[in-house]
Amino acid sequence: MHVLVLGAAAGGGFPQWNCNCPNCHRARRGSVHHWPRTQSSIALSADGKRWLLCNASPDIRAQLHANPALWPSELRGSGIHGVLLVDAQIDHVTGLLSLREGCPLDVWCTPNVHSDLTSGFPLFPMLDHWGGLRWQPIELSDERTVTEFAIPFLTDISLTAFALHSNAPPYSPRRGTPSCGDNLGLFIVNRQTGQSLCYAPGLGQPTPLAMRFLAAADVVMVDGTLWTDDEMQTLGVGSATGQQMGHLALDGPNGMMALLDPLPKRTRRIVTHINNTNPILDDQSQAASALKAARIDIAYDGMQLTL
């Protein structure tokens, strides 16, 4: 199973176009310690030719151009054979508009996400004019029943979706009162090797079910949006806390670092969806050093895994 990180930044990318925080200021001026990143997305493949796009970021055109495995091999086409959405956030879905020439396109998502993308942000109706998005519903597992599903072109790869405790998009009627299906994590297993990835970029709070999948995975890729909960407030670039946005900060006694610490020693830990304000984007910072000491990797555009 091939895993390709297309983008590792949170909404707005890094540097963010309208931000001059210390990180963005230095990245924009070419600092070798501040690597630019596009908005978060990964791609999965069993054969290195047919790929499932997990989230379609606004940066999709640049991401496709940067990864030859996704280039067209025929007169028209692409390595992308389908899209799976873990939520309906703007930075995870607006890339579908840039894929309109590839419609009809299969899109796997929950009923909640489909509802938001049919009404509040009506991408499904809009793209009907180009051939449309074919909705493939995702059934979520719960504490009692684990439901696996398959993507037809991902041979020998099984996926299990589970609800994450986070928040719905700002345009959703469930914003502030999210329900099961607004955000999901994926437990992905290569049946041939037995190796697995738990992909949960929207992990806002731990639940017993989420911890169960994290503990079972060989690799975990989770939310690394903020270093501290009040980070954006402290820098004067926003008024919301991480908790209010649905993100669990990395630092602190109940933060993501502490959450990952009890996982088996064999588990590879990776953080993604990193906000432009997060000090870990400076690879010489104390925060980046703390992650390294905790054996946690920082995702970057072009990162590749083979499981």
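Bear in mind these aren't lab numbers, they're just calculated from the coordinates by the rules spelled out. Here the structure is a predicted model, which is why all the values come from computation and not from measurement. Every residue, glycine among them, receives a Cβ derived from its backbone with ideal geometry; neighbour counts consider all protein chains shown.
Data for the structure
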item: Choice from HIS34, HIS25, HIS129 showing the highest fluctuation, given a GNM over the chain with Cα pairs closer than 10 Å; result: HIS129
item: Rough spin-label spacing in nm, given labels placed 7 Å along Cα→Cβ, for ARG26 and MET211; result: 3.5 nm
item: Dipole moment magnitude, nearest 20 debye, the chain about Cα centre, only Lys, Arg, Asp, Glu C-beta charged; result: 480 debye
item: Gaussian network model of the chain, springs between alpha carbon atoms under 10 Å - residue of GLN39, GLN136, GLN63 with greatest fluctuation; result: GLN136
item: Cα-projected label distance for ALA258 with ASP297, points at 7 Å along beta-carbon direction, nm; result: 2.7 nm
item: Pair THR177, HIS65: separation of 7 Å Cα→Cβ label points (nm); result: 4.5 nm
item: Whole-number percent relative contact order across the chain, with pairs defined as alpha carbons under 8 Å at least 6 apart; result: 19 percent
item: Sites THR155 and TRP135, calculated FRET efficiency, Cβ-Cβ separation with R0 25 Å, nearest 0.05; result: 0.65
item: Peptides 270-278, 169-177 ordered by average Cβ neighbours within 10 Å, highest first; result: 270-278, 169-177
